[in-house]
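Below is one structure, written out as structure tokens, with a few remarks after it.
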């Protein structure tokens, strides 16, 4: 056997060992970072009485998706790409139109007394709706609220909404509350 | 016409492989840092829908996953082609979700339990019927914070 001076060894197999480890990590791990849309469900209560509070029709923004993935917004068929702009109009109601939601004065930090919309977005889908379409609609509705908030953040604080401290974000959220309610789905289109 | 002379007679010079381990180690460290360990083996086909308004899932320990989609080809003889629910490594029924949520909740620290999030990883071609049933079960199990797992895209297709 050849005797090497102490402290030296062959490094030829080092590359093989490292390759082996590398391949192990390539196989055993995944690259994808989990991300998604957060929602909160309403608590389950079977005894809950039907909500009998009258909500004025002008305050509700009805979005229906049927089993063919077609949209019906406020009684009119709508292309999904127009949903965001239409929803923004509903949230802001800049000209205080009579068919768009009412507003009530409310004290909000950083803003003083502002008119806060009473609008509710109501989303109802069919059991035959495709999940992809459902997510797209959810995404557009959330995007509409985000864009409105972003605009206010730029106007009032001169910064992006995401860069604002938490108190200011809360103030904007109170100014434009995001109320998306999901009705029980229908089963008209079948499976 | 001029000819190119052959320089240096007798075979090619060998490249030194002394730096090869360093290069491979570099790659190795890159993969170790940028990836996460696979937790479950998916038995279903899953193509997540794209969305623009996504947020990252913050604490991994607070998240439980529910996978829904069409069984992979090798499982189709046994489980059919209708969308199925997969919890951990096995197919499950809608009724199993409540037990699953309870079991997942038990694993967490007591002070973290209210923050539990259920991530729904659903194939985008699935019909809403299954998801509605799952959501109803989650409400009954009072796991109210949910997350629809999506890919981040710039514009919706």
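The values are calculated or read from the model by the stated rules, or taken from the named source; none is laboratory data. This one's a predicted model, so the numbers in the text were calculated from it and none came from an experiment. Don't worry about glycine lacking a Cβ; one is built from the backbone with ideal geometry, like all the others, and counts go over all protein chains shown.
Condition first: within 11 Å of chain A (Cβ to nearest Cβ) and over 30 Å from residue A:20 (Cβ atoms). Now tell me which residues in segment B:8-45 satisfy that.
Hits for segment B:8-45: nothing passes.
Within 13 Å of chain A (Cβ to nearest Cβ), in contact with a helix residue (DSSP H, G or I) (Cβ under 7 Å, 6 or more places away or on another chain) and either surrounded by fewer than 19 Cβ atoms within 10 Å (Cβ to Cβ) or within 29 Å of residue A:68 (Cβ to Cβ) (or both): is that true of residue B:122 in this structure?
Judged against the criteria, residue B:122 is a match.
Restricting the search to segment A:81-106, which residues are in contact (Cβ under 8 Å) with a residue 24 or more places away in the chain and farther than 17 Å from residue A:146 by Cα?
The answer is A:98, A:99, A:100, A:101, A:102, A:106.
So which residues in segment A:148-170 are surrounded by fewer than 18 Cβ atoms within 10 Å (Cβ to Cβ) and within 14 Å of another protein chain (Cβ to nearest Cβ), if there are any at all?
Hits for segment A:148-170 are A:150, A:162, A:169.
With the requirement that a residue be surrounded by fewer than 10 Cβ atoms within 10 Å (Cβ to Cβ) and either in contact (Cβ under 8 Å) with a residue 40 or more places away in the chain or more than 7 Å from chain B (Cβ to nearest Cβ) (or both), what does segment A:27-47 give you?
A:27, A:45, A:46, A:47
What number of residues within segment B:125-152 are part of a helix (DSSP H, G or I) and either farther than 22 Å from residue A:42 by Cβ or within 8 Å of chain A (Cβ to nearest Cβ) (or both)?
9
For segment A:68-102, which positions are crowded, with 16+ Cβ neighbours inside 10 Å and over 22 Å from the mean Cα position of the chain (by Cα)?
Listed by number, the list holds a single entry, A:100.
Select from segment A:129-156 the residues that are without any contact (Cβ under 8 Å) to a residue 24 or more places away in the chain and touching a helix residue (DSSP H, G or I) at 6+ places or on another chain (Cβ under 7 Å) and list them in ascending order.
A:131, A:150, A:153
Considering only residues that are assigned to a strand (DSSP E or B) and in contact (Cβ under 8 Å) with a residue 12 or more places away in the chain, which ones fall in segment A:107-128?
A:108, A:114, A:115, A:116, A:117, A:120, A:121, A:122, A:123, A:124, A:125, A:126
Can you tell me which condition residue B:108 does not meet? The list is (1) touching a strand residue (DSSP E or B) at 6+ places or on another chain (Cβ under 6 Å); (2) more than 14 Å from chain A (Cβ to nearest Cβ); (3) more than 26 Å from residue A:187 (Cβ to Cβ), and all the others hold.
Unmet condition: (1).
Name the helices (runs of 4 or more DSSP H) wholly inside segment B:20-111 in which the number of residues that are in contact with a helix residue (DSSP H, G or I) (Cβ under 7 Å, 6 or more places away or on another chain) and closer than 22 Å to residue A:28 by Cβ is 3 or more.
Counting at least 3 such residues, we get B:20-34.
Here are the criteria: (1) at pLDDT 85 or above; (2) more than 7 Å from chain B (Cβ to nearest Cβ); (3) under 22 Å from residue A:167 (Cα atoms). Tell me which single one residue A:143 does not satisfy.
Failing condition for residue A:143: (2).
Only residues that are touching a residue at least 12 places away in the same chain (Cβ under 8 Å) and within 18 Å of residue A:136 (Cα to Cα): list them for segment B:101-129, please.
B:119, B:120, B:121, B:122, B:123, B:124, B:125, B:126, B:127
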